[in-house]
Structure formats: C-alpha cells, structure tokens
Amino acid sequence: MATHTFSPEDKQVVDRYKELLAERGQYDSLWQHISDYIIPRKSDIQAEKGADTSDYVEDIFDMTASQANLTLAAGIMTNAIPKTERWFSFSPPEVILNDEDKRHEAAGWFDEVSAITSKALQKSNFYEEIHEAMLDRNAMGTCALYIASGKRQLLNFRSIRVGNFVIEVDSEGYVDTFMRCLNWNARQAEQEFGVEALSEQMKKDLIKGEVGKKYEIVHVCRPRKDAKPGRHDPENKPIQSLWLDMDNSHRLRNSGFDEMPTNVSRFLQWQDRAYGWCPGIQCLPIVRQTNFIEQKMDQLAEIGVDPRVLVPINMIDEVDYRAGGETPFDPNNPNAKPEEWMTQGRYDIGKDRVEQKQKFIRECFHNELFQMFQNLDREITATETMARLEEKLDAFSPTFGRITSELLDPTLTRVFSILFRAGVFPEPPAEAFIQTLSGFELPLPEVSYTSKLALALKAKENGALNDTIATLAPLAQMEPSIMDIFDLDTMGRDVAHNFSLPHRWMKDSEEVAAIRAQRAAAQQAQEEAALLQAGSQAAANMGKAPKAMQEQMV
C-alpha cells in the first residue's frame with residue numbers, strides 16, 4: 001500500500017493509526033477467544049468465517065456464558081434503558097436552577113424537550129444498536145456507539161464492533177480519539193462523499209460498474225488542534241472528522257462535528273489501559289473449562305446410549321446392534337461373545353462440576369441482580385428483597401456509573417444538540433439561556449435517570465436518611481434540638497430529586513419563605529388573640545368576685 005501521496009498531516013494520522021492497530025493486537029486474540037464462546041455470531045475478529053453456521057457454533061457445547069451475556073444485556077435494557085418508558089429527563093444546569101427568576105420557565109422547557117427526545121429515540125434505531133453495544137461491552141469490555149443525523153430518519157445510531165476500531169485516551173483517561181475501519185466499494189463511497197471526492201481508481205470502478213472491489217476506508221474522529229477562532233464551518237468545528245482512502249492514499253473528506261460522534265464505554269477500567277475489563281474476560285477460563293467438561297459429558301452420554309463393544313475376532317460383522325437384535329455365539333466358549341468395554345464414567349461428578357461453574361458464570365454477568373428485579377413482589381418480603389438487592393447493586397454500581405458517564409450522558413447530550421439544531425424543539429424561553437463571554441447561549445442540559453435501576457441506586461441514599469431518622473427518633477424525644485443539625489429543606493429537595501420528581505412541581509425558596517412568613521404571622525395573630533381573650537375573661541371573672549377579693553387582686 002503506497003502512502004507517499006498523502007499530505008504530511010494525513011501521513012501522520014496514518015502512522016498513528018497503524019501504531020494504535022499494533023497496540024490493539026494484544027487484545028484481538030483475547031476478543032477472538034471470548035467471541036468464540038460468548039458471542040459466536042461476532043467471532044470473526046481474527047478468523048475468517050463463511051456463511052456456514054457450523055463455522056460459528058460447531059465447537060460450542062455449553063451456552064451458559066452466551067445466555068448469561070444476553071440476560072445481562074436484556075436486564076440493562078429493561079431496567080435501565082426501557083424503550084416503553086421515560087428513563088431519563090433533562091433539567092437546566094445548576095446556575096439556572098439557583099436563579100429563582102429563571103428556574104420555573106427553564107425547567108418547564110427542558111422537561112418538554114425531554115418528552116420530544118424520548119419519542120425521537122423510540123422512532124430511531126437507538127434501542128437496537130445500544131443493545132448490540134451492551135453485548136460487546138459485557139463480553140469484550142469495550143463498546144462504541146456512533147450517533148449522527150440519518151438520511152432516512154432524523155437520528156441514526158450504529159454500534160461499532162469490537163475489532164473494527166482503535167481508541168486513544170487523554171491525560172485524564174477519557175477516550176478522545178476514535179478511528180474505525182470500513183471496507184467499502186466505490187458505489188458506497190460515492191453515496192457518502194460524492195463522485196468528485198473519490199480517487200481516480202474509484203471513479204474508474206464506477207464507470208466500469210465494478211462493485212465487488214473493496215477499499216479500506218479509515219474514519220478518524222479527534223479533537224481539532226488547528227481550529228480558527230470565531231469560525232464555525234465544518235473545517236473548524238471542535239471535533240475533526242477525517243476520511244482517508246488507505247488503498248489509494250487519498251483524502252476523501254475533512255470536516256467536523258460540534259460533539260464527539262462516537263461514544264466509547266468500558267465495563268470497568270483495566271488498570272491504565274484504553275480498553276476495558278468485563279465479565280467475559282474474568283470468566284473466560286471457566287467458560288472454556290465448562291465447555292470442555294460438557295463435551296466430555298456428551299461423549300459419556302453417547303457411550304451410555306451406544307456403548308463400546310469388544311467383538312471376538314471370529315464374530316466380526318456378525319453382531320446385530322439393532323434393538324431386539326439376536327447374535328448367536330458358542331456357549332461353550334465364554335470369551336466368544338460381544339461385551340461392553342470401557343463404558344464406566346462418573347456423569348454425576350461432571351454434572352456437579354458443570355453446575356458449579358455455570359453458577360459462577362451467571363454471577364459474573366450479574367444475572368441474579370436482574371432476576372431479583374423480576375421477583376420483587378414474589379415469595380419474599382420487601383425488606384428481605386431490598387437487603388439482598390442492595391448487596392447486588394453495590395457490585396453493579398461501578399459499571400452502571402460508567403454506562404451513564406461514558407455512554408448515556410454524552411449520547412443524550414449529542415442527541416439533544418442534533419434535535420435542537422434541526423429545529424425539532426419549541427423555541428426556548430429567555431430564561432433557559434445563560435450569559436457567556438460571547439453572549440447568551442443555550443446550555444447543555446443536566447441529565448437525570450428515572451429507570452428502575454437508577455431509582456434503586458438512588459433509593460440507597462433515601463434509605464440512609466430513613467435509617468438515620470429512625471435511629472435518632474428516640475433521642476429527639478429526649479432532646480428535640482438534636483434535629484437542628486439537619487438542613488431539612490435540602491434533605492427534602494434531595495429526596496425528591498432522587499425520586500426524579502420534576503423541578504416544576506416544587507416551590508422555589510422565595511415561595512416557601514413567603515408561605516412560612518404568612519404561617520408565622522397567622523400563628524402570631526392567633527396567639528395574640530388568645531392572650532386578649534384570656535385577658536378579657538380574667539377581667540370579667542374579676543368583676544364577679546367579692547369586693548374584698550377584687551381589692552386584694554388590684
């Protein structure tokens with residue numbers, strides 16, 4: 001492949017891409033082994049496989065890991081990203097929420113666009129593609145989701161398969177560079193870039209109608225270093241989008257994005273590596289052992305059904321193996337009859353070993369956590385359920401945090417920006433804007449999550465409050481001032497926030513202060529009226545007393 005015709009800038013990008021490919025090589029073999037057992041339909045990372053199904057599944061004897069991965073992905077989709085429910089909401093940033101004059105109008109607008117965004121996601125291919133991303137993330141440790149404006153629909157998503165991209169992290173450990181490889185023919189390239197942008201070789205393919213020849217196309221997304229201040233054209237947007245035809249050493253397009261179009265998420269951090277750690281990596285040795293034992297148990301079962309037989313040499317081709325078959329032999333020669341041979345085996349031991357390993361695999365993939373969500377109202381009390389659920393949530397919480405921070409947060413904010421630029425949202429009120437050095441701008445929203453899983457994690461904070469109040473209640477009866485250590489207003493707002501109560505349903509601080517002032521004034525007036533009434537009654541009673549007693553009271 002010639003590279004001498006690339007510009008110096010493009011040559012530098014190509015060299016870095018090759019370096020990242022070499023660094024990724026140590027993972028390719030691992031991902032190949034994982035996909036062989038856990039995601040067989042994606043098991044062509046290193047091995048070339050055809051359309052024959054046997055190429056993908058012929059060596060699999062135990063499907064526990066594959067099913068456990070599907071269960072985890074389905075659990076995340078159902079309990080964290082459900083298609084049929086609102087699982088997120090937008091709200092203004094803190095600087096607006098703290099402004100009593102702005103918060104109500106701004107919060108109402110952001111809540112309205114939350115509903116619009118939710119419907120837009122439902123109409124797109126978001127849920128299908130993020131499910132694919134979850135399968136990769138659980139099994140391979142890393143996933144990538146591409147978000148763009150679609151040609152057929154307003155939003156288009158694409159899960160980029162592990163093994164088809166390389167990544168680079170910044171000084172803080174966040175993925176800021178993404179490069180993926182596509183194998184396109186000239187027709188596909190022409191559809192994306194237009195005929196004028198193609199290399200001369202691709203143009204010749206179009207003229208000849210050759211669509212079988214594929215070209216290696218690399219798409220690079222990274223922070224732009226040479227953006228000109230004040231310019232907002234594609235060549236000066238903060239994220240560079242560079243397309244290179246590697247086979248023809250030809251730049252196809254240099255444009256840009258306002259936000260990173262591809263979000264990469266790791267299941268867990270793997271030391272300081274760019275790619276992640278996950279259940280698929282953790283339990284791979286156990287998965288392979290289980291598969292091996294199941295293979296041997298299948299063999300043992302086959303031997304039990306169709307046992308090995310020792311046949312005397314003079315009876316070859318005379319033994320009838322059919323059910324009810326008759327085979328004559330010489331009763332005077334006890335060694336001259338067929339008999340089973342080496343059919344002994346401990347199927348029960350193999351079964352126990354497999355069950356133990358299968359249980360470990362399911363635990364690695366957090367299957368019990370999502371089964372508990374399904375069984376919340378069955379057989380066990382709510383107290384017992386929550387105690388067990390909290391234990392499982394503690395184990396799952398770190399990776400759920402990465403789902404939100406690395407995948408869902410940037411995806412939703414990019415979708416918000418795409419829909420806003422497309423004019424899908426109603427006109428935002430003036431209260432929704434903030435003042436910056438360059439003028440008034442609409443800020444990106446804060447994202448909160450209202451799914452069953454998100455609320456269960458937030459409930460732990462509310463549970464801590466309930467436990468604290470229950471513990472302090474006896475002390476408060478002896479010394480009520482002990483409750484003065486708590487900011488009850490803040491506690492109330494945080495509890496409502498944890499339950500994702502809309503901001504517009506809560507009064508602002510000024511309204512609360514006015515209500516309390518009115519209540520205090522009414523209470524004071526009531527107390528003063530009670531004192532006047534008591535004084536009048538006392539005076540009336542004194543007037544009815546004997547004259548000598550009245551003189552003593554005076």
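The values are calculated or read from the model by the stated rules, or taken from the named source; none is laboratory data. What you are looking at is a predicted structure, and each value in this text was computed from that prediction instead of being measured. Heads up, the Cβs are rebuilt from the backbone with ideal geometry, glycines too, and the neighbour counts pull from every protein chain shown.
Considering Phe365, Phe329, Phe360, Phe373, which residue is touching a residue at least 24 places away in the same chain (Cβ under 8 Å) and more than 26 Å from Ile34 (Cβ to Cβ)? Before you say what the answer is, go through the steps one by one.
Numbers: Phe365 fails: more than 26 Å from Ile34 (Cβ to Cβ); Phe329 fails: touching a residue at least 24 places away in the same chain (Cβ under 8 Å); Phe360 fails: more than 26 Å from Ile34 (Cβ to Cβ).
Matching residue, one of Phe365, Phe329, Phe360, Phe373: Phe373.
Here's the yes/no breakdown for (1) within 23 Å of the chain's Cα centre (by Cα); (2) without any contact (Cβ under 8 Å) to a residue 40 or more places away in the chain; (3) under 21 Å from Thr53 (Cα atoms):
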position	(1), (2), (3)
Thr5	no, no, no
Pro8	no, yes, no
Leu20	no, no, no
Gly25	no, yes, no
Ser29	no, yes, no
Ser35	yes, no, yes
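Could you list all residues from the stretch 1-56 that are in a helix (DSSP H, G or I) and among the basic types (Lys, Arg)? Even if it seems obvious, please write down each step before you answer.
First, pick out the residues of the stretch 1-56 that are in a helix (DSSP H, G or I): 8-37, 40-42, 54-56.
Once the filter is applied, which keeps residues that are in a helix (DSSP H, G or I) and among the basic types (Lys, Arg), the stretch 1-56 yields Lys11, Arg16, Lys18, Arg24, Arg41, Lys42.
Quick check on this structure: which one of Lys83, Lys49 is more than 20 Å from Thr290 (Cα to Cα) and more than 21 Å from the chain's Cα centre (by Cα)? Before you say what the answer is, go through the steps one by one.
Values: Lys83 fails: more than 21 Å from the chain's Cα centre (by Cα).
The match here is Lys49.
I'm trying to understand the selection: among the residues of the stretch 97-146, which are in a strand (DSSP E or B) and either in contact with a Leu (Cβ under 7 Å, 6 or more places away or on another chain) or basic (Lys, Arg) (or both)? Talk me through it step by step, then tell me what you get.
Initially, the stretch 97-146 is screened for residues in a strand (DSSP E or B), giving 142-146.
Hit for the stretch 97-146 is Leu145, nothing else.
Any residue at all in the stretch 196-209 that is surrounded by 14 or more Cβ atoms within 10 Å (Cβ to Cβ) and of a type in the set (S, T, N, Q)? Walk me through how you get there before you give the answer.
Applying the first criterion (surrounded by 14 or more Cβ atoms within 10 Å (Cβ to Cβ)) to the stretch 196-209 yields 197-199, 201-203, 205-206.
From the residues that got through so far, the ones that are of a type in the set (S, T, N, Q) too are 199, 201.
Yes: one or more hits.
State all residues of the stretch 263-302 that are buried (at least 17 other Cβ atoms within 10 Å of the Cβ) and touching a Pro at 6+ places or on another chain (Cβ under 8 Å); if no residue qualifies, say none.
Answer for the stretch 263-302, where residues must be buried (at least 17 other Cβ atoms within 10 Å of the Cβ) and touching a Pro at 6+ places or on another chain (Cβ under 8 Å): Asn263, Phe267.
Give me the pairs, please: first residue somewhere in the stretch 202-230 and in the same structural domain as Arg251 (by TED's automatic domain parsing) and within 23 Å of Val13 (Cβ to Cβ), second residue anywhere and outside any strand (DSSP E or B) and hydroxyl-bearing (Ser, Thr, Tyr), beta-carbon distance under 9 Å, and either six or more positions apart or on two chains.
Listed by first residue and then by second, the contacts come to Tyr215/Ser199; Val218/Tyr17; Val220/Tyr17.
So is Gln122 of a type in the set (S, T, N, Q) and either over 24 Å from Tyr449 (Cβ atoms) or surrounded by 22 or more Cβ atoms within 10 Å (Cβ to Cβ) (or both) or not?
On the way: of a type in the set (S, T, N, Q): yes; either over 24 Å from Tyr449 (Cβ atoms) or surrounded by 22 or more Cβ atoms within 10 Å (Cβ to Cβ) (or both): no.
When the stated conditions are applied, Gln122 does not pass them.
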